[in-house]
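Notes follow the structure.
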Amino acid sequence: MGGFEFLQILRLRVQLEAGDAEDAPNRIGVAGLNDIDRRILRESFRVARQLQQRLQLDYHR
């Protein structure tokens, strides 16, 4: 599963738990995540940072 998909799943889970569709949060409380989700989230951000750095190198020449 890709990082983007993982973030969307976490976001949807938080919104479903909130219940009210109009006030559904888009923020994910990291403290409420289990260890595995926290590790996957951290890795997803690491990969995104690497991609940003690569794009910066490719397009700032």
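The values are calculated or read from the model by the stated rules, or taken from the named source; none is laboratory data. Predicted model only: the values in this text are computed from it and were never measured.
Does region 12-25 contain at least one residue that is within 10 Å of the chain's Cα centre (by Cα), of a type in the set (A, V, I, L, M, F, W, C) and either at pLDDT 85 or above or outside any helix (DSSP H, G or I) (or both)?
No: region 12-25 contains no residue that is within 10 Å of the chain's Cα centre (by Cα), of a type in the set (A, V, I, L, M, F, W, C) and either at pLDDT 85 or above or outside any helix (DSSP H, G or I) (or both).
Any idea which residue in region 26-53 is modelled with the highest pLDDT, counting only those that are of a type in the set (A, V, I, L, M) and assigned to a loop (DSSP other than H, G, I, E, B)?
Here the residue is 33.
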